[in-house]
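Report on the structure given below.
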Amino acid sequence: MKPSTYLYITSAILCLLYLIGFFKHGKAYKIFTIYLIGVLSIDYVSSNLYSWFRIYNVFMHHFYELFQFVILSYFFSLLLKTRAQLFTVYILLIVLPIFLLSRYLINPNLFFEYNLFETYLTTMPLIIYSSMHLYNNLGEKSEFYYGNVGLLFYLFTSTFIFLLYRLVVIFDIEDTINDLMVNINITLQYIKFAFFFYQWKLIYFNKYERN
Amino acid sequence: MNAINLENSEIIQGVFFILLAFISMFLVLILFFYFSRKKIVQIEVDKKNLEIDHQKELLNSVLITQEEERKRIAQDLHDDISSKLNVVSLNSHLLKTPNLNETEQLEITNNIIELTQKALENSRRIAHDLLPPVLEKFGLHAGIEELVEEFNSTKTVKVSYENQIDFESYPVEKHLHIFRILQELLNNSLRHGKATEISIQFTNFDNRKTCTYIDNGLGFDSSSEENQKGLGMKNIESRINFLGGDFNFTSKPNEGVKMVFNFN
């Protein structure tokens, strides 16, 4: 099996674990579970598109980024506390998708190209929200602490991977580098999942922590 | 030519976004640390303020206790000594009256003798209550033994006392604090807890001196805020603070009281 298959299996197990307590826990937990399932399905579909329909998956990447942005924005809107923070989250949650979608309406070709600007616009706010959440809970017990750290870690590193990947494509560098980046991405995802597993363990085995 | 230009612009774009991402993440980091430091300092200040408030409260309770103690001494002096001496003075004046027969004189003198004896006894008792002489003369161990004996002699409670610490090498000025803590605990157990069995144990482990106090009284919910604010408990706390130790107090309704404190 390919390394990515193991990753899907890990991801699926994680989704199942999070689904166990789906109805018992709060809204943030539910949104987080939906995010995990969504990412798993988009990843799976996009990686198999070529073998199924002979289509390249570039446009799925836009789905992935937009989906991640919208659902994680909502997730952080449930965790963040101050009015200013919530205001920022809500405004961007409305303005950014409208802006991006209107770009595609004006120029539909953009949909089938890698778009660095979009990657930047959709992940940077999430990194900021994640840092805000860390900041809010300095010195106290935090909701979704490890989940948040995992997200922040992956958003940080994957943004660079995506941006670098673009350069690799432009420069038309050998396949070995391409493979290397895919493998780095898989490793990063495993680290992210480790954080998510630990977060799940904390929530599941600690009945007092209702997230 | 056009293709090369296009590729160039794409490279520039790629590099630009990587740089932008670096810079923004760097900014996020810097801002995060800047605000975090501010917040951590604020948390520290709040903590210190809380500590100061607590110290103030303790000091206040010490002052209140001091005043109450003064009131009690004043009342004791007034009721048990002044009133008796008053009657003695009256009787002495009576002795001056002319034409007293012998029996009357004898009666008055007996009265005076009896009253002065009582006043003397009372003043001794008051002095003893204030500072047991045995504590000063024979040290803490003997002082506690006497205290325990006093409580045992009431027959309502059985107090057991064990000690592994050599108090003779322990600073004398700290003896009184430990004595007062035990006195307060014993009084509480008897008055509020209606305890019938109490155990006091001093242990010395790794040069850490610990006292464990357990009673089988009514107990109370020690986790509730209200019960922690008693004057007696505050006094005990400030004395333990003074001894440079800390304490752990647990109690549940109908399960008695357990107090463990250590001191240096």
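The values are calculated or read from the model by the stated rules, or taken from the named source; none is laboratory data. All values derive from a computational prediction rather than experimental measurement. So basically every Cβ, Gly included, is an ideal-geometry build from the backbone, and we count neighbours across all protein chains shown. Heavy atoms of the whole protein, side chains included, go into the accessibility calculation; ligands, DNA and RNA do not. Shrake-Rupley method; radii C 1.70, N 1.55, O 1.52, S 1.80 Å.
General remarks:
- Verdict on B:Ile144 being outside the structural domain of B:Ile236 (by TED's automatic domain parsing) and open to solvent by less than 80 Å² (accessible area, probe 1.4 Å): no
- Residues of the stretch A:12-51 classified as in contact with a Ser or Thr (Cβ under 9 Å, 6 or more places away or on another chain) and of a type in the set (Ser, Thr, Tyr), total: 3
- Scan of the stretch A:137-151 for residues that are without any contact (Cβ under 8 Å) to a residue 12 or more places away in the chain and either touching a Ser or Thr at 6+ places or on another chain (Cβ under 8 Å) or within 15 Å of A:Gln68 (Cα to Cα) (or both), ordered by number: A:Leu138
- Residue in the stretch B:205-225 that is of a type in the set (Lys, Arg), touching a residue at least 40 places away in the same chain (Cβ under 8 Å) and closer than 28 Å to B:His54 by Cα present: yes
- Among the residues of the stretch A:105-148, the ones that are more than 14 Å from every other protein chain (Cβ to nearest Cβ), in a helix (DSSP H, G or I) and surrounded by 16 or more Cβ atoms within 10 Å (Cβ to Cβ) come to 3 in all.
- Yes/no for B:Gly230 being within 20 Å of B:Ile178 (Cβ to Cβ), under 12 Å from the mean Cα position of the chain (by Cα), surrounded by fewer than 18 Cβ atoms within 10 Å (Cβ to Cβ) and assigned by TED's automatic domain parsing to the domain that holds B:Asn152: yes
- Per-region count, the stretch B:234-251, residues in a helix (DSSP H, G or I) and closer than 12 Å to B:Thr210 by Cβ: 1
- Here B:His192 passes the criteria (1) open to solvent by 80 Å² or more (accessible area, probe 1.4 Å); (2) within 14 Å of B:Cys211 (Cβ to Cβ) except the one numbered (2).
- Cβ-Cβ under 6 Å pairs, at least 6 apart or on other chains, the stretch A:152-181 side within 12 Å of chain B (Cβ to nearest Cβ) and assigned to a helix (DSSP H, G or I), far side at pLDDT 75 or above and open to solvent by 60 Å² or more (accessible area, probe 1.4 Å): A:Val168/A:Ile177
- Test: B:Glu173 is open to solvent by 100 Å² or more (accessible area, probe 1.4 Å), in the same structural domain as B:Asn235 (by TED's automatic domain parsing) and either closer than 26 Å to B:Asn207 by Cβ or without any contact (Cβ under 8 Å) to a residue 24 or more places away in the chain (or both): yes
- Looking at B:Ile113, B:Ile108, B:Ile200, just one residue is within 25 Å of the chain's Cα centre (by Cα) and β-branched (Val, Ile, Thr), and that residue is B:Ile200.
- Pair list, Cβ under 6 Å, 6 or more apart: the stretch B:136-155 residue of a type in the set (A, V, I, L, M, F, W, C), other residue assigned to a loop (DSSP other than H, G, I, E, B) and modelled with pLDDT of 90 or more: none
- Residue within the stretch A:45-62 that is assigned to a helix (DSSP H, G or I), in contact with a Lys or Arg (Cβ under 7 Å, 6 or more places away or on another chain) and of a type in the set (A, V, I, L, M) present: no
- Given (1) under 19 Å from A:Leu152 (Cα atoms); (2) part of a helix (DSSP H, G or I); (3) at pLDDT below 90, index of the condition A:Lys81 fails: (2)
- Any hit, the stretch B:12-34, residues being aromatic (Phe, Trp, Tyr), away from every other protein chain (no Cβ under 11 Å) and open to solvent by 90 Å² or more (accessible area, probe 1.4 Å): yes
- Single residue of B:Leu77, B:Leu85 found to be closer than 25 Å to B:Leu130 by Cα, in contact (Cβ under 8 Å) with a residue 40 or more places away in the chain and not assigned by TED's automatic domain parsing to the domain that holds B:Arg239: B:Leu77
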